[in-house]
Amino acid sequence: MSNAFEWLSGDVVAVAKRLLGCVIVREIDGVRVVGRIVETEAYHQTDAASHSYRGRTPRTDVMFGPAGHLYVYFTYGMHYCMNVVTGVAGEGSAVLIRAIEPLEGLGVMRQNRHNRPDIELTNGPAKVCQAFAVDKTLNGHDLRQPPLLLVLQPPIDETTITQTTRIGISQAVEMPWRFYIANNPFVSKT
DNA sequence: CCGGTGATGCCCT
DNA sequence: GGGCATCACCGGT
C-alpha cells in the first residue's frame, strides 16, 4: 500500500536533510501562512539528547507513532517547538524544525511575533511555532491534513547543505545532526 | 557586537 | 526538586 509520507519513514538523519527546502502550509483564520524549511536537527531514541532516549512516556508518545505526524513539546516554561515524526511506528525518532524562510502570510507572522524584525520572525524553533501559531493543541496532528500541511519539494543540492553539531543540548553534544541551507539568512544564530 | 541571565511551567526522577 | 532541543533584554566593550 502506498502512503504519501513514505519518504519520512527512513533514517532520521537522511530525512532531516531531505526536509530542507520542504514547505509548511498553515491556515490561520482563513489566511495562508507559508514558509520553507531551512534548518533541521535529527533526534533518535538511540541518542542521549533525544526526548525519546528514556523510552515512551506520555510526553513523547507521538514521537514513537507513525511518520508524518507533528510532535510538539513545551519547554523553558514558555516555548513550544515542533518536530516532524519519522521512522516506523514504535521507533522514537523525529526532526526538529529549527528555522523557516517566510514565503506567504508575513502579516500574520508579524502579528504573532509582536512586530519583531522580519529576519527574526522564524529563525529559531520557538519563533517558528509562535509565528505559525503552533502549540500543544497540534501535538499529534497528521501533516497531510489542514490546517497544517507538510509539502515535499525537490531535494536541495547536497553541496549547499551544511552539517554541524546541534544547538542548546547538553547530551551527545558531539553528534553532527544539525543541517541547514548554507548562506540562508533565516537560519538561527549560532 | 557579545556574553550573561532571568523568565516560567511541566515532565520525569 | 532538577533540568530543560529557548528567547529577549541588559550592560560592558
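The values are calculated or read from the model by the stated rules, or taken from the named source; none is laboratory data. Keep in mind it's a predicted model, so treat the numbers as computed, not measured. When we count neighbours, we look across all protein chains shown, and the Cβ atoms used for this are built from the backbone with ideal geometry, even at glycine.
Across segment A:124-133, the number of residues qualifying as assigned to a loop (DSSP other than H, G, I, E, B), more than 14 Å from DNA strand B (Cβ to nearest atom) and within 13 Å of the chain's Cα centre (by Cα) comes to 1.
Going through segment A:23-67 one residue at a time, which ones are aliphatic (A, V, I, L, M), touching a strand residue (DSSP E or B) at 6+ places or on another chain (Cβ under 7 Å) and assigned to a strand (DSSP E or B)? A:V23, A:I24, A:V25, A:V33, A:V34, A:I37, A:V38, A:A42 - these are the residues of segment A:23-67 that are aliphatic (A, V, I, L, M), touching a strand residue (DSSP E or B) at 6+ places or on another chain (Cβ under 7 Å) and assigned to a strand (DSSP E or B). Scanning segment A:83-123 for residues that are more than 16 Å from DNA strand B (Cβ to nearest atom), free of Cβ contacts under 8 Å to residues at least 60 places away in the same chain and within 28 Å of A:D11 (Cα to Cα) turns up A:A89, A:G90, A:E91, A:L96.
Condition check ((1) buried (at least 23 other Cβ atoms within 10 Å of the Cβ); (2) among the small types (G, A, S); (3) within 11 Å of DNA strand C (Cβ to nearest atom)) across all residues:
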residue	(1), (2), (3)
A:G68	no, yes, no
A:F74	no, no, yes
A:V85	yes, no, yes
A:A89	no, yes, no
A:G107	no, yes, no
A:R113	no, no, yes
A:R116	no, no, yes
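Of the strands (runs of 3 or more DSSP E) contained entirely in segment A:134-181, those carrying at least 2 residues that are surrounded by 12 or more Cβ atoms within 10 Å (Cβ to Cβ), in contact with a Pro (Cβ under 8 Å, 6 or more places away or on another chain) and at pLDDT 95 or above fall at A:161-164.
A:E101 passes every criterion in (1) acidic (D, E); (2) assigned to a loop (DSSP other than H, G, I, E, B); (3) within 15 Å of A:V34 (Cα to Cα) apart from (2).
Among the residues of segment A:102-116, is any in contact with a strand residue (DSSP E or B) (Cβ under 6 Å, 6 or more places away or on another chain), at negative phi and of a type in the set (S, T, N, Q)? No - not one qualifying residue is present in segment A:102-116.
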